[in-house]
Amino acid sequence: MTRQTSLAPQTPMAPLAPLVRLCDVGHCFGAHRVLRKVNFTLEAGGCVVLTGPSGAGKSTLTRIMTGLLRPQEGIVHLTVRRVGFVFQEPRLLPWRTALQNVLLPCDAHQPEARRYALEMLEAVGLGRATSLLPGELSGGMRQRVSLARALAVRPDLLILDEPFTGLDGPLREDMKALIESLVGAGQAGAAMAVVQVAHHHQDILSHASAQFRLERGTLTAVPTMLV
Amino acid sequence: MKNSLRILKLRRRLLWRVLGCALFLGAWQWAAARGGGLALASPLETWFALVDMAAQPWFWTQGMLPTLGRVLAGFGLGLLAGGLLGWIAGIYPEAALLLLPFRWVLSSVPGVVLVILAMLWCGVGSGMIILIVALTSAPTIYMALQEGLGAVDPALCEMVRLYRVPLRKRFTELYLPAVAAPLVSACVVALGGGMRVAILGETLGASQGLGYTLALARADLNTPGLYAVALVSMLLVSAIEATFLRCLRNKLCGGGRP
């Protein structure tokens, strides 16, 4: 039995409910079971890391957290209002400039949204590349545009789904340092929660407060001293 | 430096184009000189016939304008119907299956059969020509849109869903630019095909238009006149392509730079 609830924005007096609460969530793709009895809670401002081998269901779990996928079993409680998502590949509109891509989820006619989008592009080091098309940017620059787009919506949940995939050594390090500086400095709001999907241990953000491992569809918490 | 290289490249392209035209005209002249007579008018004879026709007001009012109006009206209807149904079929695969027999019949029936059927349904005149142009244009537009939408990157579709991009913005920012290139190409093909069936329809059953002018030239055994009408129809399609379709292409495929 699945129930998916999207709660109304909370009043300042109301106690803070978790942004994401998954109870006994299970999901299959055909005969292949991807998730089984997953329980997970994410509070506002939290930063957790999801690790696990390829095909373990990490991306499926993040899609459930964002409401993109409705699981076949279990209960999902989402109070997330705005999600920022940095996918494995940048997913930019090839016919739109860097700025227009960042403005895509925002109201482009609002001067404030435009100003903030420019600020985010500046923050990721692309202040001089706002009018370039994705085809004119390098792989690392495209991924930074994707990060700027995710932050431009002022998300209360930021999901980083292996954002370093396809980037080589120095670019990988640069991108990780950039994310750590932006997310750690509360660039997009102090209450923003972060879920990072990581394949390699060295990619894990330094300020991650908890780590979970997903293997054969089962989610287990990794003891803090190992994080 | 960069500019002069660009100019050099443009000049070279122009030279090849001019050479291509000269080669075509040379081959035409050579064929007309060897086996001319009634079968093939020379380029010069065709040119004189064209100038002669263009000097007469009836050619514009009774020949060119009616054909242009019919082709544009039929093409507009085909674009509307094919575009709407193609959009639906691109989003809902069940609709594509439902419409498959209609698409298959319309795209495989020979133009002349369509003309005769349209004459039976609508009688002789503008209505019949507009109908056949619409019926031949619609499947081409339909297929371009259906397949273009099917080829839109699912990863981008998921991204706009995740960011809850409003439907109108999804249409203008994602789907329309994604289908622009196949849609404009389909418009060019549909317009050329529409002009062909329009002239065929006018030749068989109309008292105005380029096809009717063609029928008169055939009856008078006026071979240069026949070639001149063919040339005018080609020029008409090229003019529409160079104006309306170029605007459409620039608007839809022009990229995002302000």
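The values are calculated or read from the model by the stated rules, or taken from the named source; none is laboratory data. Note that the structure is a prediction, hence the values are computed from the model and not measured. Neighbour counts run over all protein chains shown; Cβ positions are idealised from the backbone, glycine included. Heavy atoms of the whole protein, side chains included, go into the accessibility calculation; ligands, DNA and RNA do not. Shrake-Rupley method; radii C 1.70, N 1.55, O 1.52, S 1.80 Å.
Figures for the structure shown
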quantity: Cβ-Cβ under 6 Å pairs, at least 6 apart or on other chains, the range A:36-64 side within 20 Å of A:Met192 (Cβ to Cβ), far side open to solvent by less than 10 Å² (accessible area, probe 1.4 Å) and of a type in the set (S, T, N, Q); calculated: A:Val49/A:Gln196
quantity: Matching helices (runs of 4 or more DSSP H) fully within the range B:158-258 where at least 2 residues are at pLDDT 90 or above and within 30 Å of B:Gly37 (Cβ to Cβ); calculated: B:176-205, B:210-219, B:223-240
quantity: Residue that is modelled with the lowest pLDDT [pool: residues in the range A:128-144 that are open to solvent by less than 30 Å² (accessible area, probe 1.4 Å) and more than 11 Å from chain B (Cβ to nearest Cβ)]; calculated: A:Gly140
quantity: Residue check for B:Val105: at pLDDT 90 or above and either of a type in the set (Val, Ile, Thr) or at negative phi (or both); calculated: yes
quantity: Every residue from the range A:161-180 that is open to solvent by 20 Å² or more (accessible area, probe 1.4 Å) and under 15 Å from A:Ala193 (Cα atoms); calculated: A:Glu180
quantity: Condition check for B:Ala215: open to solvent by less than 30 Å² (accessible area, probe 1.4 Å) and either touching a strand residue (DSSP E or B) at 6+ places or on another chain (Cβ under 7 Å) or free of Cβ contacts under 8 Å to residues at least 40 places away in the same chain (or both); calculated: yes
quantity: Single match in A:Thr66, A:Thr97, A:Thr79 (criterion: facing chain B (nearest Cβ under 10 Å) and farther than 22 Å from B:Glu173 by Cα); calculated: A:Thr66
quantity: Residues of the range B:1-34 that turn out to be more than 29 Å from the chain's Cα centre (by Cα) and modelled with pLDDT of 90 or more, as a count; calculated: 1
quantity: Which listed residue is away from chain B (no Cβ under 11 Å), outside any helix (DSSP H, G or I) and either modelled with pLDDT of 90 or more or open to solvent by 10 Å² or more (accessible area, probe 1.4 Å) (or both), from A:Leu147, A:Leu158; calculated: A:Leu158
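Rundown of residues vs (1) β-branched (Val, Ile, Thr); (2) more than 11 Å from every other protein chain (Cβ to nearest Cβ), yes/no style:
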site: B:Gly148; (1), (2): no, yes
site: B:Ala151; (1), (2): no, yes
site: B:Glu158; (1), (2): no, no
site: B:Leu167; (1), (2): no, yes
site: B:Ala181; (1), (2): no, no
site: B:Val188; (1), (2): yes, yes
